[in-house]
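Working notes for the structure below.
None of the figures in this text is laboratory data; all of them are computed from the coordinates on show. Because the structure is a prediction, the values reported are computed rather than measured. Using ideal geometry, Cβ is built from the backbone for each residue, glycine included, and neighbour counts are taken over all protein chains shown.
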Ligand code: AMP
């Protein structure tokens, strides 16, 4: 099974992704977490992406695609995974479609988290992650709108998109997500 989560920064994707992956019994793969880990351990990939991460810009497609292909080739992703934060551009989505059809599983579901910008901003400012200062957050919103939102139409056309309201208590939002998986696409 292959599931993708899409949503703006601060939409609560990470928290929900962990619960959902365990509910669906698939591995959770967060490209953001992988990159942060690479930066912390100062690997070659970490050195290449640190500037992008700190300024709120997206990492170049090819780098992300390599990271994901490598990760999904590992044993714990054999039966599927939940992708949190990938794909994030149309190029990534199209390349990934091709790649996953040939080498992996077809996409079962793409879940979009809908949260208004004001709520997002206040959530992010209270979270206090390194890339969470206001200017960087605004840049991440801008990148999301410009580069990531076109994915929604792309996946809608493929009939795999489900939209959920991301505002509410964690358990309440999780119930909405679970409902998505109790109905067929
Ligand atoms: P996240 O934790 O998902 O918000 O990701 C943190 C940062 O990692 C982003 O602001 C990007 O710089 C980078 N990143 C994560 N996933 C991707 C992706 N699919 N494409 C490009 N950059 C990414």
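Table for the structure above
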read-out: Fewest-first ranking of 29, 39, using other Cβ atoms within 10 Å as the exposure measure; value: 39, 29
read-out: Gyration tensor (alpha-carbon) shape descriptor, the stretch 38-101, a/c threshold 1.5; value: oblate
read-out: Which of 28, 105 has the fewest Cβ neighbours within 10 Å, and the rest in rising order; value: 105, 28
read-out: Three-way shape label, the stretch 102-171, alpha-carbon gyration tensor, a/c 1.5; value: prolate
read-out: Per-peptide average of other Cβ atoms within 10 Å, ordering 106-114, 1-9, 70-78 highest first; value: 1-9, 106-114, 70-78
read-out: Among 155, 52, 104, residue whose mean-square fluctuation peaks in a GNM of the chain (springs only between Cα atoms under 10 Å); value: 52
read-out: Packing-based exposure ordering (other Cβ within 10 Å, fewest first) of 68, 91; value: 91, 68
read-out: Estimated 222 nm signal from helices in the chain, with DSSP H stretches of n ≥ 4 weighted -39500 (n - 2.57), rounded to 500; value: -17000 deg cm²/dmol
